[in-house]
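Q: Dropping the structure in here first, questions after.
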Amino acid sequence: MNATDHFIAPTLALHGDLVFARVASADAVELDYENSLISPTCYLLPQREAVFTYAMADGAPPEVRAVVPPESDILFGVRPCDVAAIEYLDRFFMGGEFKDDVYARRRATKTIVAMGCTGPQNETCWCTCSHAGPVARNGFDLQLTPVGDDYLVEVGSERGMALVEPAGDLLTEAGAPELLAERDRLVEASWHKFGCQGNIAQAMRWISGDDTPEELWQELGAKCFGCGSCSLVCPVCSCFDTYEYAEDGMGARIRCWDSCHFPGYSLEASGFNPRETASERMFHYAHHKLCYDTFSKYGRPGCVGCGRCVQVCSAQIDLPSIAQVIRERGRQCRDCTAHAPVHEGAGET
Ligand code: SF4
Ligand code: SF4
């Protein structure tokens, strides 16, 4: 750990809400916690940030200035679903032909210390379904998993090793195969505790093959308030908007979170909107999260099973429910739908 690193960890905020925030002492760190409503991915893709700033003087072209470099943070206690979301964001912003410098600069300053789960944190977790948990298989610098009274510590990178080395006597060499086997046994035993056990692969197949009925999207669109909350809390959703802010001779280009549920999201300058109705926007949202194209580009579905959309959608249209209703009403396959519970409300008119 460098002297300049900030320590961001799960801690209690006003009214007892669990948040990821800078902590000054170990006493403030929560070690037994339900995941936060706002993902720690907000330290990589903040709700609002300046992409660049500029000074303006009469008659002169704007003088572009760099923004303040991001600070170094150790993100401690990141749950495996959010580790998977960071991997997705890395591929989205840095894995293609064009690299997003703003994201890349931020990402380079973050060290990820994961906290593996040995069971669901609450009834909305469905990471077992979206192959993102309960423990991370990669994507972390260090991962801690509670095993009895101890923590199994796994090193995932040189950065992680640099954190372990100064720990000295605090750590003891694991009887690695035995402790790993015990961790895996605990994880395996926890699978039946996850409420939604249906595999989203079937939903991916139906939606990718355009095998979902139009009426389904009309029903879901009619229920949706268009509030965008599901995308705004989703650690995988990466859409953003940009706008200019200028005052007293200084300006900044700001980028901020956006949602494909907002009517203005796809509105073109001509006034034409290719996704004018809520049902079209609902289909786009679900299709982008579940289609094969997303899987082949980013190595996973656009969902890591964190359950946050289940917690915030007042219309009860969350992604687990959408996946379930697609499986039921897409091309029928009774064997595949036999085991998955239906979230009350999804798909009803
Ligand atoms: S699905 Fe739910 S959370 Fe998402 S925009 Fe619609 S009403 Fe809001
Ligand atoms: S779609 Fe819902 S459950 Fe999936 S990652 Fe996003 S917020 Fe979490």
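The values are calculated or read from the model by the stated rules, or taken from the named source; none is laboratory data. Note that the structure is predicted; figures quoted are calculated from it, not measured. So basically every Cβ, Gly included, is an ideal-geometry build from the backbone, and we count neighbours across all protein chains shown. Surface accessibility is based on the protein's heavy atoms, side chains included, excluding ligands, DNA and RNA. Shrake-Rupley method; radii C 1.70, N 1.55, O 1.52, S 1.80 Å.
Q: For n ≥ 4 DSSP H runs only, could you compute -39500 (n - 2.57) per run for the chain, divide by its residues and tell me the 222 nm figure to the nearest 500? Mind showing how you got there, number by number?
A: Working: 12 runs with 108 residues, N = 349.
So the helix-based figure for the chain works out to -8500 deg cm²/dmol.
Q: Calculate, for Asp293 and Arg48, the FRET efficiency according to 1/(1 + (r/R0)^6) with r their C-beta to C-beta distance and R0 22 Å; round to the nearest 0.05.
A: Details: r = 29 Å, r/R0 = 1.32.
Efficiency computed from Cβ-Cβ geometry: 0.15.
Q: Which residue, chosen from Gly305, Gln47, Val29, occupies the Cα position most advanced towards the positive end of the dipole of the chain, where the dipole is computed from +1 (Lys, Arg) and -1 (Asp, Glu) charges on Cβ about the Cα centre?
A: Checked the options; the winner is Gly305.
Q: Roughly what % antiparallel, to the nearest 5, for the DSSP beta bridges in the chain?
A: Here the antiparallel bridges make up roughly 70 percent for the chain.
Q: When the Karplus curve 6.51 cos²θ - 1.76 cosθ + 1.60 is applied with θ = phi - 60°, which whole-Hz ³J(HN,Hα) does each residue of segment 235-245 get, with x for Gly and Pro?
A: x, 8, 4, 10, 6, 9, 10, 10, 8, 9, 10
Q: Work out how much length Ala167 to Val155 would gain on full extension: take 0.36 nm times their residue separation and subtract the Cα-Cα distance, in nm to one decimal. Intermediate results must be reported in sequence, preceding the final value.
A: Values: separation 12, 0.36 × 12 = 4.32 nm, distance 1.30 nm.
Result for the pair: 3.0 nm of gain on full extension.
Q: Still on this model: Taking a virtual spin label 7 Å from the Cα of Ser266 along the C-beta vector, which residues in segment 276-304 bring their backbone nitrogen under 14 Å of it?
A: Residues 276-289 fall inside that zone.
Q: Just the Cα atoms of segment 1-132: what Rg and Dmax do they give in Å?
A: Considering segment 1-132 through its Cα atoms, Rg and Dmax are 17.7, 63 Å.
Q: Just the number, please: carbon plus sulfur as a percent of the accessible area of the chain, 1.4 Å probe, no ligands or DNA/RNA counted.
A: C and S atoms contribute 53 percent here.
Q: List the residues whose amide H sits under 5 Å from the amide H of Tyr54, counting only those 5 or more places along or on another chain, with H placed 1.01 Å from N in the peptide plane.
A: Long-range HN contacts for Tyr54: Arg65, Gly251, Ala252.
Q: Check each of the chymotrypsin sites (Phe, Trp or Tyr not before Pro) in segment 219-267 and keep only those in coil by DSSP with at most 15 other C-beta atoms within 10 angstrom; list them in order. Please report the intermediate quantities before stating the final value.
A: Numbers: sites: Phe225, Phe240, Tyr243, Tyr245, Trp257, Tyr265; in loops: Phe225.
Counting only loop positions with at most 15 other Cβ atoms within 10 Å, the chymotrypsin sites (Phe, Trp or Tyr not before Pro) in segment 219-267 are Phe225.
Q: Here is a follow-up. Starting at the first residue of segment 96-101, write each ³J(HN,Hα) from the Karplus equation 6.51 cos²θ - 1.76 cosθ + 1.60 with θ = phi - 60°, in whole Hz, x for Gly and Pro.
A: x, 5, 10, 9, 7, 4
Q: Could you give the accessible area per residue of segment 6-193, probe 1.4 Å, as a whole number in Å²?
A: Details: 10010 Å² over 188 residues.
With all protein chains present, segment 6-193 gives 53 Å² per residue.
Q: For segment 201-337, what does the accessible surface come to per residue with a 1.4 Å probe? Please give it in Å².
A: Working: 6220 Å² over 137 residues.
Per residue, segment 201-337 has 45 Å² of solvent-accessible surface.
Q: Return one quarter of the surface area of the convex hull spanned by the alpha-carbon atoms of the chain, equal to its mean projected area, in nm². Intermediate values should be presented prior to the final figure.
A: Working: hull surface 85.9 nm².
Averaged projected area of the chain's Cα convex hull equals 21.5 nm².
Q: To continue, here is another question. Cβ neighbours within 10 Å, averaged per peptide: list 177-188, 307-318, 110-121 in order, most packed at the top.
A: Working: 177-188: 14.4, 307-318: 20.1, 110-121: 22.1.
The packing order, highest mean first, is 110-121, 307-318, 177-188.
Q: Please state the relative contact order of segment 6-193 as a whole percent: Cα pairs under 8 Å, 6+ residues apart? Walk me through the numbers on the way to the answer.
A: Values: 274 pairs, mean separation 30.9, N = 188.
Relative contact order for segment 6-193 comes out at 16 percent.
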